Amino acid sequence: MRRILVTGGVGFIGSGFVRRLMRAQPDTELYVVDAVTYAGNCSNLPEAVWNDPRFFFWKADIRDREVITRLVSRVDAVVHFAAETHVDNSIYNTDDFIDTDVKGTQVLLDAVRAHPVERFIHISTSEVYGTALAEPMTEEHPLNPRSPYASAKCGADRLVYSYVITFDIPAVIIRPFNNYGPYQHVEKVIPCFVTHALHDRPLPMHGDGSSSRDWVYVDDCCEGVERALTADLKAVQGEVINLGTGVDTAIGTIGAEILQRLNKPYVPIRKVPDRRGQVFRHIGSWAKAKALLGWQPRTPFLQGLQQTIDWYVEHETWWQHNTHKHGGPWHIPDQAAAEKLSSSSVQAAMVRSSATR
Ligand code: NAD
């Protein structure tokens, strides 16, 4: 039995990866560690996984050195997904992003130094590149992170690289472009649009909707991560590998496509101020993934979008239980509202601290 530690295994992509590995690799035991924050959801894994004798779960924080060191000492490989992931949240509370995304990664890397593993797969993000300066964006594209989320991920990405150079850890750095598909939290744009449309609520659209992203279906991304686990180490150690499709689609186009596919032409699109630190265009090259991993994107965007819409239509009880970090299921990423919210949390904290003095 090969043992793999997966961090963030009840989040969106991490749970897709766990479901995939449990199916595809009968000789693998999975150790999953996840703090189950507002973004994590244990029901992302089916009963069959929870009951499988090859599956073990720890509800723990990746910053907990004792737990992480003990877990890493027992496994052959680590796949690190856990992170704070929502760009909007990083604009209002940067601490959580630096703490989890950077320091959490450092804790894992130190554990791997102390207890060497055969492979460490770090899940970075295309957000580290900022807006496309060239098309398609290769792994050589300059790093211009534009939000605190992107900067924290960029710090973690380069920290992993430094541990490869300094301590020779067997790490591979994967930079997926925007993932979408079933089980994605409703705070992210495609589930947000689908669930708003299903309830005849206006779709909240940043700016004029012309910002575009390269959309990777989550199963395709998980396949790429699995391939990175087994690829020849000499070819991939210390390498950065994009998982993109080479096609970008504007957010406004996606909103219109969703309304059309759900037959909701009367639902309006409501413009909200453009996100601070907005990335205007992402379009990724997958040539290196093809060369090093034999990976290529499989799912055309409109096919993946339809599969995603169908899943949200059929799983309303799942997404009705998604709550946002800052409130209920219908939180709208509106700057003024978020600012009001953060100032009321500051007031609440002041009340608490004066009460304890
Ligand atoms: P997600 O927000 O759905 O899941 C994150 C998971 O990490 C959750 O289960 C959460 O409970 C867990 N977590 C958060 N803080 C933790 C902590 N301190 N300790 C332990 N667990 C913690 O995110 P996702 O969309 O599945 O993204 C997974 C990874 O892929 C992240 O590293 C993200 O930066 C990266 N990524 C995501 C996308 C995308 O489009 N979703 C694209 C590129 C890269």
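Since every read-out is calculated from the coordinates, none of them should be taken as a lab result. Keep in mind it's a predicted model, so treat the numbers as computed, not measured. Quick reminder, even Gly has a Cβ in these numbers, built from the backbone with ideal geometry, and neighbours come from all protein chains shown.
In nm, what is the difference between 0.36 nm times the number of residues separating residue 36 and residue 261 and their Cα-Cα distance? Intermediate results must be reported in sequence, preceding the final value.
Numbers: separation 225, 0.36 × 225 = 81.00 nm, distance 3.28 nm.
Between residue 36 and residue 261, full extension yields 77.7 nm more.
Between 185, 206, 321, the GNM of the chain built on Cα springs shorter than 10 angstrom shows 321 fluctuating the most.
Checking the cross-link pairs 271/325; 234/325; 59/264; 188/234 against a 31 Å limit on the alpha carbon distance flags 234/325; 59/264; 188/234 as lying beyond it.
Highest-first packing order for the peptide set 101-110, 175-184 is 175-184, 101-110, based on the mean count of other beta carbon atoms within 10 Å. With one equal scatterer per alpha carbon and no solvent term, the Debye-computed log10 I(q)/I(0) for the stretch 20-72 at 0.14, 0.26, 0.27, 0.31 1/Å reads -0.41, -1.10, -1.13, -1.22. Give me the net charge of residue 90's neighbourhood, meaning all other residues with Cβ under 14 Å from the Cβ of residue 90; Lys, Arg count +1, Asp, Glu -1. Combined, the nearby Lys, Arg, Asp and Glu give -2.
What are the semi-axes of the equivalent ellipsoid of the stretch 101-151, taken as the square roots of 5 times the eigenvalues of the Cα gyration tensor, listed largest first and rounded to whole Å? Don't jump to the answer; show the numbers that get you there.
Values: eigenvalues 154, 38, 8 Å².
Its equivalent ellipsoid spans semi-axes of 28, 14, 6 Å.
Kirkwood hydrodynamic radius of the stretch 193-257, from the reciprocal of the average inverse Cα-Cα distance over all distinct pairs: 14.6 Å.
Can you list the equivalent-ellipsoid semi-axes of the stretch 54-112, largest first and in whole Å, using the square root of 5 times each Cα gyration tensor eigenvalue? Before the final figure, lay out each step's value.
Details: eigenvalues 114, 29, 17 Å².
So the equivalent ellipsoid measures 24, 12, 9 Å along its semi-axes.
Just to be sure I understand: if I project the alpha-carbon convex hull of the chain onto a plane and average over all orientations, what area do I get in nm²?
Numbers: hull surface 72.6 nm².
Mean projected area of the Cα convex hull: 18.2 nm².
A cut-off under 13 angstrom between Cβ atoms defines the neighbours of residue 128, and their net charge, with Lys, Arg +1 and Asp, Glu -1, is -1. Working note: Karplus 6.51/-1.76/1.60 with θ = phi - 60° gives the stretch 138-147 the couplings 8, 5, 8, 4, x, 8, 10, x, 10, 10 Hz, where Gly and Pro are set to x. Only helical runs count toward this figure. For the chain, summing -39,500 (n - 2.57) over DSSP H runs of n ≥ 4 and dividing by all residues gives -12500 deg cm²/dmol at 222 nm.
What translational diffusion coefficient, in µm²/s and rounded to a whole number, does the Stokes-Einstein relation yield for the stretch 65-159 at 37 °C and a viscosity of 0.692 mPa s, taking the hydrodynamic radius as the Kirkwood radius over Cα pairs? Walk me through the numbers before you get to the answer.
Numbers: Rh = 14.2 Å.
Result for D is 232 µm²/s.
Per-residue packing, averaged as other Cβ atoms within 10 Å, sorts the ranges 208-219, 18-29, 84-95 into the order 208-219, 84-95, 18-29, beginning with the highest.
Counted by neighbouring Cβ atoms within 10 Å, the residues 5, 198, 233 run from fewest to most as 233, 198, 5.
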